[in-house]
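The values are calculated or read from the model by the stated rules, or taken from the named source; none is laboratory data. Remember, predicted model here, so these are calculated numbers, not experimental data. Here the Cβ is made from the backbone with ideal geometry for all residues, glycine too, and neighbour counts use every protein chain on show.
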Amino acid sequence: MTKGEFGECPETKTITAWKDGKRWPQEDSKNIILKVFFTGKSHADPDRMAMEDAWTEGQRESPPRRKARLEDSSVPQKWVISRHVTTEGLADLRLHQPSPLNEEGSYRVEASARLDIAPFEHDRQDYAIGVTTVLLAVESEAYQVTRGSMIGERPTELPARVRADGVELTGPRDPANGCIVGDLLNGEHVAHIESLNDGEAPVFVSLRAARRAFKVLGLGAQGRNTPIAVSEETDAVLNILLGKDREKDSLGRVVLAKMSMARKPV
């Protein structure tokens, strides 16, 4: 394969991107290209040398250059969004692609969040589970919430109260039982985040609730979910729902929903 032939192959753009500092090859990518395109060729082959040089340069890319590349608006950015925890029927959390802000390395975190009353069966008896208070938390090793930008810190009509580790939300509530039912954010963004360092650690957004925030509901006379008296059955239902397998934070709050987003250059 001549240099001209290599110049026409799809890998040329990839190697050019590596050499320009927009993307660098991983070890396995380098080995695949070496095997496919350079088996039997001399180590002095100019195209092989160019690929090796690009890989070496990428490995010693300095943190400032790496940050500049990541923040360069000419380099397309994609946030990979992942779901980690969900509680079917009770809590729904969805992250959306964040919007870049004017300040370098800052983004607006957009999400949809909803709580509902979920059916639950125990010992052939039908119950429903609701939550009266939920904590919305944003965590990351690479980003911090910009001061005054978190929902609850800025002016809002939502029933929100700022806590040390997040924002406590208490509505909208069903007046029949006091549980949160509906859209928690009502179209408002969660917060602004700003870069702390040159890392690419993901941003985690979660909904959490303490045991005392859960209500076990029974079927009322009008067919509506209404609170039932505290009993052994109530404790048994909560023990199952909030069992050892459920993720909890350091204060014992159950993680109802959790998603992450990690920035990746494309």
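A few comments on the model shown:
- Within this structure, V145 passes the test of being surrounded by 15 or more Cβ atoms within 10 Å (Cβ to Cβ), under 23 Å from V203 (Cβ atoms) and touching a strand residue (DSSP E or B) at 6+ places or on another chain (Cβ under 9 Å).
- L219 in contact with a helix residue (DSSP H, G or I) (Cβ under 9 Å, 6 or more places away or on another chain) and either at negative phi or at pLDDT 90 or above (or both): no
- Residues satisfying the stated conditions in the range 78-94, i.e. farther than 20 Å from L115 by Cα and loosely packed, with under 13 Cβ neighbours inside 10 Å: K78, V80
- The range 123-151 residues that are outside the structural domain of A210 (by TED's automatic domain parsing) and closer than 26 Å to V181 by Cα, paired with ones that are in a strand (DSSP E or B) and small (G, A, S) (beta carbon under 6 Å, 6 or more apart): none
- Search result, residues across the range 117-140 that are at pLDDT 95 or above and not aliphatic (A, V, I, L, M): T132, T133, E139, S140
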